[in-house]
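Here is the structure we will look at.
The values are calculated or read from the model by the stated rules, or taken from the named source; none is laboratory data. None of these values were measured; they are calculated from a predicted model. Counting neighbours? That spans all protein chains shown, and the Cβs are built from the backbone with ideal geometry, glycine included. With ligands, DNA and RNA removed, areas are computed over all heavy atoms of the protein, side chains included. Shrake-Rupley method; radii C 1.70, N 1.55, O 1.52, S 1.80 Å.
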Amino acid sequence: MNNVDTPTEAGDTSLAPLPCNDCKMLRKKCDRVLPHCSRCVKRRYPCVYRHLESQRPSSASARASAAPYTLPTTATLARQDKAGSGSPPIELSAATGIAIGVNTGESLEDRVSRIEGRIGAMEARFTSFLATQQLATTPQSTADTLFQQAFGLQLEDPDLQPTMGDWVVVYQYLRTCESSFFILSEAPFLQSFFSQPPALRLTFCAIAAHLQNPRLPDKVCFSYYARAQKAVSRVIEKPDLTTLHALLLMSSFASLNGQPLIGRPFFMRAVRMVLELQLNRDPDDLPECRHLSEEEREERRLIFWVMYSSLLVVKIAYSRPLSVEINPCVKPAKRSVPLNQNAVPDPRLSISPVCYMAALLDVIHSTVTHHAVIPSSTESILSCDVCLSLSTQLTHVRAQMPDSLILSSSNGTMDAFFATYPRRPRGNEAIQLTLYANSAKCLLHRTKLYLTGYLDLDSPQLVQNAANMSTLLTALHETLLAAREIARLTSRLYNISAIQTVRIQFWEQQDFACFTLFEAVLCLWYVTCRTKAFWFSPDPASPLHMGRDVRRVIRTECLDVLTTMRNLERTFSGVEEDVDERVAALRGPAPVRGELFNMVTPLVAGVVGMVQEMEEVERVEDPSSCLKVQGARLQGVGMGGFEDVVIGMKVISLDDDKQPVHLDFAGADQPWCFLGLLGVPGPGGMKWNAHYEPGWASFWEILSLLHNI
């Protein structure tokens, strides 16, 4: 008698005498329904009755003659579901009636064996890859890198993921500040913030966190900077416009902290990327750019002119040849938003101001390069064809610029400007261009200005050639006017309390504008303290009159400039402004984290000595003057404190501790400015650390000895 119950005529389901293998192994209650128990059907597991497997015929003929395997019918499954726990029946294919997902021809052991085989194959593949590439012994190979190389997948770094807090930081900055760092459109950037490449997104987050009002803590700013470094390092060898913009922002962040040399590697990579992307050629001349829209072409032009002007600033400040040069062959970029929509159209206003800035910097760079070469005689200074050509070039650039972008106290444009500032659209552009245009004029005449302190009325250069007297008077006049325009503009910005926040934001964003302030104070110091008296006019109405009141006004303006520079120095170091700013401006570097170290520090040290010497000259001329009251501020800081002092620059790391670091390339300790003292002894014997200073010092020393014989 068979141990297996046979189906009845009424179609009742046969039952197995023992539970199925799966239920027995898991110690679950089995209904023993044949050919599949309800539990295995619902779980879509293969149901196997091992004691029945042993009773099946073993011969091939018996297997062939055996009844074919039949799947459960719909009625059978319905009865099984009714007898079960009430779960919905298993899904059946409408076409075949086969239970979907149930592998009825494979035992549980076979399935487990098959899965283990696949896992073993993956492990063998990974081990083989490590052995082939010899990555198992490479210390710098991380687990995620190995995984990516072996299987073509990449584990996303959580540091590079966008957050809502990142978006808020950028939004608050763009809402309250006039950004000069953003080349791309700001509104689309915010709208697509979470899909922006991590390098561009995080670098701008670092800029925005640093320039927040109030400024976010250093820990937050440098955290963004560290994340941005990680993101940039992944794409630094992939040239495209977003990567180029990210590299420029990385170098800008270093400059905002007063450490441009830290950002130099990022900037130089960006310069090379300009050449790789052929941005130095106009898109209209490139066959590869024919498919670009006019807006995309203008974007390429704008990025190029921003990079070119930044490269000129670096070349001027570094004062040494760079490994990469760019020759511009690009049309001027157009302004994104016209300023005079309701006025008579001025084609000059349609050009982006960065193009005018590049033209001014080109003149400054040529002037600085020329002055770095030591002249052979005073005649080579007085009758210099290069300076004459540069003067003509500067006049041409000035004629191309709109009058509204150059402010002057003589024609009233400066007063009209500050009547509407800061509500004036893009008003910072006019301030910036005015500073650089006047600095270019000061630099152009600097060496001639120095001759007014060495030549006498009976000097052969003046006696034998009367035109030289006129040349020096013209240089003295133009230098004095240009330097005072810079000082007056800075003083106006400083003394208008209603725009204090706007003023701070402007100087923070125009980090290299401090070079223009140093140039102005240097020229005014030399005019008031070193130029000989016979060059000035006794007529109070003359622009070359240098009476007591004029000297006092000049020194007051220079004190405002010094205060501005000192506040900028503190801002770069993450320190709040001093309450008594004018008193703090004449102190030495404040002991914050030991000492302040940034690119403005050497400029401040030089300007402090110059303002002190200007006051000393006033004391000698009028001992009873009320200037003694302000002179009390200088107690304890005498001119002898600058004796044999060499002004240089220290470099610090960009982290929370801001510790000084050593850079191996040349010029790391040379202060960044347009031009140093050019060998002229500074206040109290102060010297400037630059490669051209010793040669110029020898030139002036020889000239002084010749006139003393």
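For every residue, the table says whether it meets (1) part of a loop (DSSP other than H, G, I, E, B); (2) open to solvent by 20 Å² or more (accessible area, probe 1.4 Å).
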| site | (1), (2) |
| --- | --- |
| 435 | no, no |
| 438 | no, yes |
| 442 | no, no |
| 447 | no, no |
| 450 | no, no |
| 455 | yes, no |
| 467 | no, yes |
| 471 | no, yes |
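On the basis of being buried (at least 18 other Cβ atoms within 10 Å of the Cβ) and modelled with pLDDT of 80 or more, does residue 677 make the cut? Spelling it out, residue 677 is indeed buried (at least 18 other Cβ atoms within 10 Å of the Cβ) and modelled with pLDDT of 80 or more.
Considering segment 174-192, and only residues there that are assigned to a loop (DSSP other than H, G, I, E, B) and within 22 Å of residue 296 (Cα to Cα), the residue that is modelled with the highest pLDDT turns out to be 192. Filtered by the rule that a residue be without any contact (Cβ under 8 Å) to a residue 24 or more places away in the chain and surrounded by fewer than 18 Cβ atoms within 10 Å (Cβ to Cβ), segment 412-433 gives 412, 413, 415, 416, 419, 420, 423, 424. When residues in segment 236-270 are screened for being open to solvent by 10 Å² or more (accessible area, probe 1.4 Å) and touching a Pro at 6+ places or on another chain (Cβ under 7 Å), 1 of them pass. Considering only segment 171-178, I want to know if a residue exists there that is touching a residue at least 60 places away in the same chain (Cβ under 8 Å), farther than 28 Å from residue 602 by Cβ, of a type outside the set (Val, Ile, Thr) and touching a Gly at 6+ places or on another chain (Cβ under 9 Å). Taking every residue of segment 171-178 in turn, at least one turns out to be touching a residue at least 60 places away in the same chain (Cβ under 8 Å), farther than 28 Å from residue 602 by Cβ, of a type outside the set (Val, Ile, Thr) and touching a Gly at 6+ places or on another chain (Cβ under 9 Å). Between residues in segment 686-709 that are modelled with pLDDT of 85 or more and residues that are crowded, with 18+ Cβ neighbours inside 10 Å and among the basic types (Lys, Arg), which pairs lie under 8 Å by C-beta distance while being six or more apart or on different chains? Partner pairs satisfying both residue conditions: 693/687; 697/687. With respect to the conditions (1) surrounded by fewer than 17 Cβ atoms within 10 Å (Cβ to Cβ); (2) in a helix (DSSP H, G or I), residue 483 falls short on a single one, namely (1). Go through 566, 548 for me and flag whichever is charged (D, E, K, R), surrounded by fewer than 19 Cβ atoms within 10 Å (Cβ to Cβ) and either modelled with pLDDT of 65 or more or more than 19 Å from residue 483 (Cα to Cα) (or both). That would be 548, the only listed residue that is charged (D, E, K, R), surrounded by fewer than 19 Cβ atoms within 10 Å (Cβ to Cβ) and either modelled with pLDDT of 65 or more or more than 19 Å from residue 483 (Cα to Cα) (or both).
Would you confirm whether or not segment 402-409 contains a residue that is assigned to a loop (DSSP other than H, G, I, E, B), more than 29 Å from residue 696 (Cα to Cα) and small (Gly, Ala, Ser)? Don't jump to the end; show me each part of the working.
From segment 402-409, those assigned to a loop (DSSP other than H, G, I, E, B) are 402, 406-409; that's our starting set.
Filter again for more than 29 Å from residue 696 (Cα to Cα), leaving 402, 406-409.
Checking which are small (Gly, Ala, Ser) leaves us with 408-409.
Yes: segment 402-409 contains one or more residues that are assigned to a loop (DSSP other than H, G, I, E, B), more than 29 Å from residue 696 (Cα to Cα) and small (Gly, Ala, Ser).
With respect to the conditions (1) closer than 23 Å to residue 675 by Cα; (2) open to solvent by 10 Å² or more (accessible area, probe 1.4 Å), residue 492 lacks only one, and its number is (1).
When you scan segment 321-341, do you find a residue that is within 19 Å of residue 673 (Cα to Cα) and either in a loop (DSSP other than H, G, I, E, B) or under 19 Å from the mean Cα position of the chain (by Cα) (or both), even just one? Give the steps one after another, and end with the answer.
Just the residues of segment 321-341 that are within 19 Å of residue 673 (Cα to Cα), to begin with: 321-322.
Next, from what is left, pick out any that are either in a loop (DSSP other than H, G, I, E, B) or under 19 Å from the mean Cα position of the chain (by Cα) (or both): 321-322.
Taking every residue of segment 321-341 in turn, at least one turns out to be within 19 Å of residue 673 (Cα to Cα) and either in a loop (DSSP other than H, G, I, E, B) or under 19 Å from the mean Cα position of the chain (by Cα) (or both).
Per the conditions (1) open to solvent by 50 Å² or more (accessible area, probe 1.4 Å); (2) at pLDDT 50 or above, the sole criterion not satisfied by residue 633 is (2).
Against the condition at pLDDT 90 or above and of a type in the set (Asp, Glu), how does residue 508 come out, does it pass? Judged against the criteria, residue 508 is not a match. Screening residue 300 with (1) part of a helix (DSSP H, G or I); (2) within 23 Å of residue 509 (Cβ to Cβ) gives one miss only, at (2).
Which is farther than 26 Å from residue 370 by Cα and either at pLDDT below 85 or out of contact with any Pro (no Cβ under 9 Å at 6 or more places or on another chain) (or both), of 459, 497?
On the way: 459 fails: farther than 26 Å from residue 370 by Cα.
Of 459, 497, the one residue that is farther than 26 Å from residue 370 by Cα and either at pLDDT below 85 or out of contact with any Pro (no Cβ under 9 Å at 6 or more places or on another chain) (or both) is 497.
Inspection of segment 158-173 identifies at least one residue that is farther than 30 Å from residue 505 by Cβ and at pLDDT below 85.
Within 27 Å of residue 555 (Cβ to Cβ) and either surrounded by fewer than 23 Cβ atoms within 10 Å (Cβ to Cβ) or touching a Gly at 6+ places or on another chain (Cβ under 8 Å) (or both): does that describe residue 409? For residue 409, the condition - within 27 Å of residue 555 (Cβ to Cβ) and either surrounded by fewer than 23 Cβ atoms within 10 Å (Cβ to Cβ) or touching a Gly at 6+ places or on another chain (Cβ under 8 Å) (or both) - is met.
Taking segment 372-394 as the range and being surrounded by 14 or more Cβ atoms within 10 Å (Cβ to Cβ) and closer than 26 Å to residue 406 by Cα as the test, the residues that pass are 386, 387, 390, 391, 393, 394. For beta carbons closer than 9 Å, sequence separation of 6+ or different chains, a first residue in segment 193-208 that is part of a loop (DSSP other than H, G, I, E, B) and a second that is open to solvent by less than 30 Å² (accessible area, probe 1.4 Å), the qualifying pairs are 196/189; 196/204; 197/231; 197/243; 197/246.
Can you give me the number of residues within segment 335-372 that are modelled with pLDDT of 85 or more and of a type outside the set (Val, Ile, Thr)? Step through it out loud before you land on a result.
Initially, segment 335-372 is screened for residues modelled with pLDDT of 85 or more, giving 351-372.
Checking the rest, the ones that are also of a type outside the set (Val, Ile, Thr) come to 352-353, 355-362, 365-366, 370-372.
Residues flagged as modelled with pLDDT of 85 or more and of a type outside the set (Val, Ile, Thr) within segment 335-372 amount to 15.
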